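*Asks:* The structure that follows is given in the form of structure tokens.
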Amino acid sequence: MANLVVHFEIHASEPQRLVDFYAGLLGWKFSQYGDIPYWTIETGEGAIGNVAGSAGHGINGGLAQRRGPKPEPGAPVMGCNFVVGVDEVDSLMRRGVELGGTVARPAEDMQGVGRTGYLLDPDNNVFGMISATMSDGTTGMGGGTS
């Protein structure tokens, strides 16, 4: 078995606030898992739906009730963060701020990679977005030749 990441989890002090944020920003679908404070996240077509997974596909995740205080803005990342592949970073960064997020790292081009940007969601979880298309229209990694 290839040691692929097949699931992620987001922790939330106010779960519904983050359900609304990620649904509004990325179009993810959330379903509460029974009566416990846990929601499954469907990230879209082509996502891995089981732990076997296969290379070249995205993953689904979960949202869990946070068991302590949310992180302070600017605090070091404790744990992992995730990066979402998107068509266009800049407009989603603006939309994320409109939905209650905060810019953690402004959008920028990474030569040979693509355009990236990082937000804090309304519970101060950091996450990134990446597009193969850079600001000048050239493409980086995974987007063909520039």
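The values are calculated or read from the model by the stated rules, or taken from the named source; none is laboratory data. Please read these numbers as outputs of a predicted model, since none were measured by experiment. With ideal geometry, Cβ positions are generated from the backbone for all residues, glycine too; neighbour counts draw on all protein chains shown. Quick note on the areas: whole protein, heavy atoms, side chains included, nothing else; ligands and nucleic acids left out. Shrake-Rupley method; radii C 1.70, N 1.55, O 1.52, S 1.80 Å.
*Asks:* What is the set of long-range amide H partners of Glu14 at a cut-off below 5 Å, with H atoms built 1.01 Å from backbone N?
*Replies:* Residues meeting the criterion, in which the H sits 1.01 Å from N, do not exist here.
*Asks:* Mean separation of Cα pairs under 8 Å and 6+ residues apart, divided by the residue count of the chain: what relative contact order is that in percent?
*Replies:* Values: 273 pairs, mean separation 31.6, N = 146.
The value is 22 percent.
*Asks:* Give me the number: length gained by fully extending Glu45 to Leu4, i.e. 0.36 nm times residue separation minus the C-alpha to C-alpha distance, one decimal in nm. Intermediate values should be presented prior to the final figure.
*Replies:* Values: separation 41, 0.36 × 41 = 14.76 nm, distance 1.80 nm.
Value of the extension gain: 13.0 nm.
*Asks:* Choose one of Ile36, Ala104, Met134: the residue whose Cα lies farthest towards the positive end of the charge dipole of the chain (beta-carbon charges +1 Lys, Arg; -1 Asp, Glu; about the Cα centre).
*Replies:* Ile36
*Asks:* Can you tell me the orientation of helix 15-26 relative to the chain, as the angle in degrees between its alpha-carbon axis and the longest Cα principal axis, to the nearest 10?
*Replies:* That works out to roughly 20 degrees.
*Asks:* Right, here's the next one. Can you work out the accessible area per residue across the chain, with the rest of the protein chains kept in place, probe 1.4 Å, in square angstrom? Please list the in-between numbers first.
*Replies:* Details: 8650 Å² over 146 residues.
About 59 Å² of surface per residue is accessible.
*Asks:* Further question: By how many degrees, between 0 and 90 and to the nearest 10, does the Cα long axis of helix 89-98 differ from the longest principal axis of the chain?
*Replies:* The angle comes out near 30 degrees.
*Asks:* Continuing with the same structure: What does the charge dipole of the chain about its Cα centre add up to, to the nearest 20 debye, if the Cβ of each Lys and Arg holds +1 and the Cβ of each Asp and Glu holds -1? Write out the running numbers ahead of the final one.
*Replies:* Numbers: 9 positive and 16 negative charges, 56 e Å.
In total the dipole reaches around 260 debye.
*Asks:* If you don't mind, there's one more thing I want to ask. On the accessible surface of the chain, probed at 1.4 Å, how many percent belong to carbon and sulfur atoms?
*Replies:* The nonpolar share, carbon plus sulfur, comes to 53 percent.
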